[in-house]
Each structure stands twice: as structure tokens, then as C-alpha cells.
Amino acid sequence: MNRSKKLINVGLFILFGIFAFVQLNDPDAWIWFAIYGFVAAICLYSSFKVIPKKVLIAVIIGLLAYSAFHFSLFVTYLQTDHKEEIFGKMVYEKPYLEGSREFLGLLIAALGVLYLLKQNKK
């Protein structure tokens, strides 16, 4: 693997590591820390070893399947007038905000793993 791919993988490791760290204040922190931590770990691991294609596909499917549970909340968010609220604090009266963040986070994680899959093909 060339140097630039390794640097991108390490960058993804750092990014998803930060994602995992900032989840620690969530009520359900353990699940999100595990998800982002796992994606971070496979990004780092892929800098040194090739991860089998089947494993990466399974991870992508798992992330997308879990994101499907949050899709209806994301649709509700898209129908609101105040889109900027997604960047604000958690509001318990508006569960679609947290659900939308979780949906988007899972999509970003899936895209990160998809990048690793595409990288393995080259």
C-alpha cells in the first residue's frame, strides 16, 4: 500500500476515533462508541493488512441496516422548517434531531468503510 493511502487510513482512524470520543456524553454512549471505535479500528488495521472484502461488505451492510431504523426520523427532520436545529443541543421533545444525527453518522461510517473496500480493489 502506498504512503498516501496509509495516511488517508490513519486520517480516517483519527476522524472515527474523535466520533467515538464525543459520543461518551450520550445516554446510549456504549453503542455509538463501539460502532465508531470499530470503524476507527478497521481503518487503522487496513493501513497494515488487507481486510477481506466479505468482512468490509458485512460491516457496510450492518451500518446501513442499523441506519434504516433512523431513516423515518431523518425524513421527519427533512420536513421541518428549522434545519439548523440539527447542529444544536439534544432536545427530548424533538427525537428526530438525535435520530437524524445518528442516521447521518452511520452513513458517514458506511462511506468510510466503502472507501476501504474500494481501496482494496486497486
#### Entry: Contacts under 9 angstrom Cβ, first residue in the stretch 103-121 being without any contact (Cβ under 8 Å) to a residue 12 or more places away in the chain, partner among the hydroxyl-bearing types (Ser, Thr, Tyr) and surrounded by 15 or more Cβ atoms within 10 Å (Cβ to Cβ), 6 or more apart
none
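Test of understanding: among Val75, Val113, which residue is of a type in the set (Val, Ile, Thr) and out of contact with any Cys (no Cβ under 9 Å at 6 or more places or on another chain)?
Val75 is the lone residue from the list that is of a type in the set (Val, Ile, Thr) and out of contact with any Cys (no Cβ under 9 Å at 6 or more places or on another chain).
Residues checked against (1) farther than 16 Å from Lys121 by Cα; (2) modelled with pLDDT of 95 or more:
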| residue | (1), (2) |
| --- | --- |
| Ala20 | yes, yes |
| Ala29 | yes, no |
| Lys49 | no, no |
| Lys54 | no, yes |
| Gly62 | yes, yes |
#### Entry: Residues that are at pLDDT 90 or above and either aromatic (Phe, Trp, Tyr) or exposed (fewer than 13 other Cβ atoms within 10 Å of the Cβ) (or both), drawn from the stretch 1-13
Leu7, Gly11, Phe13
### Query
For the stretch 79-94, does any single residue satisfy the condition of being over 11 Å from the mean Cα position of the chain (by Cα), within 24 Å of Asn2 (Cβ to Cβ) and without any contact (Cβ under 8 Å) to a residue 24 or more places away in the chain?
no
## Note on the structure
Filter the stretch 109-122 for residues that are under 10 Å from the mean Cα position of the chain (by Cα) and surrounded by 16 or more Cβ atoms within 10 Å (Cβ to Cβ); the one that is farthest from Ile14 (Cα to Cα) is Ala110
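The values are calculated or read from the model by the stated rules, or taken from the named source; none is laboratory data. This is a predicted model, so every value here is computed, not measured. Reconstructed Cβ throughout: ideal geometry from the backbone, glycine too, with neighbour counts over all protein chains shown.
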